[in-house]
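Enquirer: Take this structure, written in C-alpha cells, and hold onto it; I'll ask about it next.
The values are calculated or read from the model by the stated rules, or taken from the named source; none is laboratory data. Keep in mind it's a predicted model, so treat the numbers as computed, not measured. We place every Cβ from the backbone using ideal geometry, glycine too, and count neighbours over all the protein chains shown.
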Amino acid sequence: MNLWNANDLAERFYSGKSRALHGSHLTTGHRMWSTFPHLRPIATIINDSLNWYGRDDYGGAVHDVIGTRCDPYTNTLLSGGQYHHCCHSNLTRALADETGLSLREAEAHVHDVLNVFMCTGFTRDTGQYFMKASPVRVGDRLEFFAEIDLLGALSACPGGDCSTSHSSDAATCHPLLVEVYAPQNGALNGWEPPRSSGYNGSHGRKLPDGD
Ligand SMILES: [Zn+2]
C-alpha cells in the first residue's frame, strides 16, 4: 500500500521512518509517518483483525514495513524476464490513471510500502528477509484513520500466498476491498489534523530572505 497527501504527492508515506519509530510490523495504534520536511502521521491504524497473530516462533508477523515492494527491475536482475504486474508496476499504473501523470512521472512517486496482510520477518541465523503464508482470511481487515486528505493505492501482490514464485502469474491471488468511511457527526470535535514538523529547515545555514 502506498499513501500520498492528496494535495501534494511530494509528501508520502515514509516506511523506513515508521519502522524506526514503531518497529518492523505495524498494528493498532501505530501511525504511518510522512516524508521530510513534514514528518507527521498521515494515517493511524485503528483496528487490525490480525492483531491476534503477534510474532510467531520464527519471528514472523503481519503488516510489515521492512519489505520494499516487488518490482520488475529486481525480477529482471534475478531472472532476466520481463514481468509487468509486480506491485511496483501495479502502483505506478494506478497512480498514473488517477492523476493523469505519465508512467515515468508517476513511477517517481511510488515508494516503499506497508505490506498489508503479508507475513514476514528476518531469519534468526542470517538476518535475511523472509515471507511466509499469511494467516489472513476472508473478512480480515486493517482500518486506518486518515489524518489528512489522502490518495492511496493498493496492489494485490502477484506473490499471492508466497507459495510460488513472486514475479509471475503462478500464485493464487485474491482481490482486496477498499472502503472509505466518513466520521460520524461530531466524532472529530476537538481534533486537529497533525501539523508538519516544526523544524526550521535551515540545516545550520542562514535561511535566504523570504524563506
Ligand atoms: Zn508484490
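Enquirer: Restricting attention to region 191-211, which residues are under 26 Å from the mean Cα position of the chain (by Cα) and of a type in the set (A, V, I, L, M, F, W, C)?
Expert: 191
Enquirer: Among the residues of region 143-158 satisfying the criterion of being over 30 Å from residue 188 (Cα atoms) and hydrophobic (A, V, I, L, M, F, W, C), which is farthest from the ligand (Cβ to nearest atom)?
Expert: My answer is 156.
Enquirer: Here are some residues: 3, 50, 21. Which one is touching a Phe, Trp or Tyr at 6+ places or on another chain (Cβ under 9 Å) and under 25 Å from residue 202 (Cα atoms)?
Expert: Selected residue: 21, the only one of 3, 50, 21 that is touching a Phe, Trp or Tyr at 6+ places or on another chain (Cβ under 9 Å) and under 25 Å from residue 202 (Cα atoms).
Enquirer: Now, a different point. Mind listing whichever residues of region 73-85 are surrounded by fewer than 18 Cβ atoms within 10 Å (Cβ to Cβ) and either within 11 Å of the ligand (Cβ to nearest atom) or under 17 Å from the mean Cα position of the chain (by Cα) (or both)?
Expert: Result: 74, single match.
Enquirer: Given the structure, is residue 161 exposed (fewer than 14 other Cβ atoms within 10 Å of the Cβ), within 14 Å of the ligand (Cβ to nearest atom), touching a residue at least 12 places away in the same chain (Cβ under 8 Å) and in a loop (DSSP other than H, G, I, E, B)?
Expert: No.
Enquirer: Testing residue 146 on (1) within 18 Å of residue 69 (Cβ to Cβ); (2) surrounded by 15 or more Cβ atoms within 10 Å (Cβ to Cβ), one condition comes back false. Which one is that?
Expert: The one condition residue 146 does not meet is (1).
Enquirer: Further question: Restricting the search to region 74-89, which residues are under 12 Å from residue 110 (Cβ atoms) and in contact with a helix residue (DSSP H, G or I) (Cβ under 8 Å, 6 or more places away or on another chain)?
Expert: Within region 74-89, 86, 88, 89 qualify.
Enquirer: Hey, another quick one. Output the residue which, of all residues in region 170-205 that are under 21 Å from residue 42 (Cβ atoms) and among the hydroxyl-bearing types (Ser, Thr, Tyr), is surrounded by the fewest Cβ atoms within 10 Å (Cβ to Cβ).
Expert: 181
Enquirer: Okay, moving on. Residue 179 is checked against (1) acidic (Asp, Glu); (2) farther than 22 Å from residue 56 by Cβ; (3) modelled with pLDDT under 95 and fails just one. What number does that condition carry?
Expert: Every condition holds for residue 179 apart from (3).
Enquirer: How many of the residues making up region 32-55 are free of Cβ contacts under 8 Å to residues at least 24 places away in the same chain and either charged (D, E, K, R) or within 18 Å of residue 150 (Cβ to Cβ) (or both)?
Expert: 1
Enquirer: Quick one: which helices (runs of 4 or more DSSP H) lie wholly within region 57-137 and hold at least 1 residues that are aromatic (Phe, Trp, Tyr)?
Expert: 72-79
Enquirer: Looking only at region 25-43, which residues are crowded, with 17+ Cβ neighbours inside 10 Å and among the polar types (S, T, N, Q)?
Expert: Result: 27, 34, 35.
Enquirer: Mind listing whichever residues of region 86-142 are in contact with a Ser or Thr (Cβ under 7 Å, 6 or more places away or on another chain), away from the ligand (no atom under 16 Å from the Cβ), touching a residue at least 12 places away in the same chain (Cβ under 8 Å) and of a type outside the set (Gly, Ala, Ser)?
Expert: Passing the criteria: 140, 141.
Enquirer: What single numbered condition from (1) modelled with pLDDT of 95 or more; (2) more than 16 Å from the ligand (Cβ to nearest atom) fails to hold for residue 59?
Expert: Single failed check for residue 59: (1).
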